[in-house]
Structures are given as structure tokens and as C-alpha cells.
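So the structure is just underneath, and the comments pick up after that.
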Amino acid sequence: MKSVCVYCGSNPGQNPAFVDAARHVGRLLAERDMTLVYGGGRVGLMGEVADAALAAGGKVIGVIPQFMAVKEVAHMGLSDLHVVQSMHARKAMMEKLSDAFIALPGGIGTMEELFEIWTWAQLGQHEKPVGLLDVDGYYAHLVAFLKEMTEQGFLQRSHHNALQVADTAEGLLSAFERYEAPEADVRLKTQQT
């Protein structure tokens with residue numbers, strides 16, 4: 001693993017533990033000589049993770065759509081900043097540049113990125129690990145819902161288990177090192193037609 005994509009909020013959230021976790025992830029990736037790939041913003045948890053990685057001597061690559069960059073939310077102090085035409089182009093480039101994906105706390109944008117990259121893995125578009133950093137129980141309800149989704153037959157157990165969940169960044173990176181991608185699920189089932 002040479003590069004890790006971090007999805008996270010453009011707001012800091014209400015819990016100071018979220019900012020602490022973002023800073024810790026940035027420092028940890030830099031200390032492990034891993035490139036941070038993220039959404040290119042200078043605000044919220046996005047700015048915190050990037051600034052912490054940079055302060056620790058790490059390489060940080062941002063990918064931001066042009067409409068966000070012109071609103072002055074782009075982080076201009078990064079190792080590399082890619083300004084792309086759309087959200088779709090942003091996510092595709094982030095996937096291409098990354099060997100693994102971590103979702104820190106965030107809002108619907110973070111959820112959308114997480115679920116899309118996890119779906120791409122389910123469909124065999126990549127075999128890279130995807131994980132949730134469950135800071136202070138932020139993702140507890142989501143984890144419970146995913147268990148329900150699996151029990152109700154909408155998510156195969158192997159693909160449910162493919163989403164790595166940990167409450168520490170070190171634990172998540174360790175899980176990534178042991179990760180083995182499940183077999184892709186691209187079959188259409190009778191109930192899905």
C-alpha cells in the first residue's frame with residue numbers, strides 16, 4: 001500500500017474527536033510514507049487530514065472539481081492538486097491514484113463516495129480494501145444497518161465482510177494489509193430483473 005484515499009467531511013463536525021482522528025490519520029500516513037489522496041479541500045476534516053499529513057512531511061494529492069475550486073475551497077498548499085471537470089471525474093481519479101480507501105466521519109458526500117467505491121469492489125472493478133474509521137461510535141448505526149441489510153438478503157455476507165471497520169487508524173491499516181478481495185458479484189438474480 002503506497003497511497004490511501006480518505007473520504008471525510010468538509011465540516012469539522014460537533015465532536016472534537018473527529019478533528020483529532022483526521023489529524024491522526026494524516027500524520028500516520030505520512031509517518032508510514034503513504035501518500036494521502038483526498039478531495040482537495042482546505043476546510044473541515046478534509047483540511048485537517050491534509051494539513052496534518054503535510055506538517056508531518058507527507059505527500060498529499062488533492063482532487064477537486066472545478067466548480068468547488070473556484071469557490072476558494074481548494075487547498076493550494078498540497079504536493080499536487082488536480083482540478084477536474086466533475087464529481088464523477090474526481091471519484092474516478094481518486095480511485096486510480098489510491099491503493100485503499102478510508103471513510104472518516106462525514107455527511108452525504110462521504111457516504112456517496114464510500115458506497116460507490118465499495119460497490120465498485122463488489123462488482124469486481126477493483127480489489128482494493130475499503131474501510132470505515134468508526135470514530136467515537138459515529139458509524140455504529142450504519143454498521144448495524146449493514147448487518148440488517150445482509151440478514152435480509154440484500155448484501156452477500158462476503159461483500160459485507162469486505163468492508164473493513166475499526167475504531168483506530170492503526171487497526172484499519174492492519175486490516176487492509178490482511179485484506180483479500182471477495183469474488184466479484186456481477187450475476188443478475190431473478191429477483192433483480
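The values are calculated or read from the model by the stated rules, or taken from the named source; none is laboratory data. Note that the structure is a prediction, hence the values are computed from the model and not measured. As a convention, Cβ positions derive from the backbone with ideal geometry for all residues, glycine included, and neighbour counts pool all protein chains shown. The area values use the complete protein model at the heavy-atom level, side chains included, leaving out ligands, DNA and RNA. Shrake-Rupley method; radii C 1.70, N 1.55, O 1.52, S 1.80 Å.
Whole angstrom only: what separates the Cα centroid of region 146-185 from the Cα centroid of region 88-145?
Cα centroid of region 146-185 versus Cα centroid of region 88-145: 11 Å apart.
Want the number for Val70 to Leu97: 0.36 nm per residue separation, take away the alpha-carbon distance, what's left?
Taking 0.36 nm per residue and subtracting the Cα distance, the gain is 7.4 nm.
State, to one decimal in nm², a quarter of the convex hull surface area for the C-alpha atoms of region 71-113, i.e. the direction-averaged projected area.
For region 71-113, the mean projected area of the Cα convex hull comes to 3.9 nm².
Angle between the Cα long axis of helix 108-122 and the longest principal axis of the chain, 0 to 90 degrees, nearest 10?
50 degrees
For region 43-134, what ratio Rg/Rh do Cα atoms give with a Kirkwood hydrodynamic radius?
Ratio of gyration radius to Kirkwood radius: 0.95.
Taking Cα atoms, how many degrees apart are the long axis of helix 87-97 and the longest axis of the chain, rounded to 10 and kept between 0 and 90?
Helix 87-97 and the main axis of the chain meet at about 90 degrees.
With charges set only on the Cβ (+1 for Lys and Arg, -1 for Asp and Glu), what does the dipole of the chain come to about its Cα centre, in debye to the nearest 20?
Around 400 debye, computed over the chain.
Once you've got the GNM for the chain with C-alpha springs shorter than 10 Å, pick whichever of Leu173, Leu104, Leu146 has the biggest mean-square fluctuation.
Leu146
Using alpha carbons only, how many degrees (0 to 90, rounded to 10) separate the axis of helix 44-55 from the longest principal axis of the chain?
It works out to around 60 degrees.
What do you get for Rg/Rh of the chain when both radii come from the Cα atoms and Rh is the Kirkwood radius?
Using Cα coordinates only, the ratio equals 0.97.
Once ligands and nucleic acids are excluded and a 1.4 Å probe is used, how much of Lys128 is accessible, expressed in Å² to the nearest 10?
Here the residue's solvent-accessible area equals roughly 40 Å².
Which shape class applies to region 25-84: rounded if a/c is under 1.5, otherwise prolate when a/b exceeds b/c and oblate if not, where a ≥ b ≥ c are the square roots of the Cα gyration tensor eigenvalues?
prolate
With 28 Å as the limit, write out which pairs from Lys2/Lys147; Lys91/Lys147; Lys59/Lys91 have Cα-Cα distances beyond it, or answer none.
Beyond 28 Å between Cα atoms: Lys2/Lys147.
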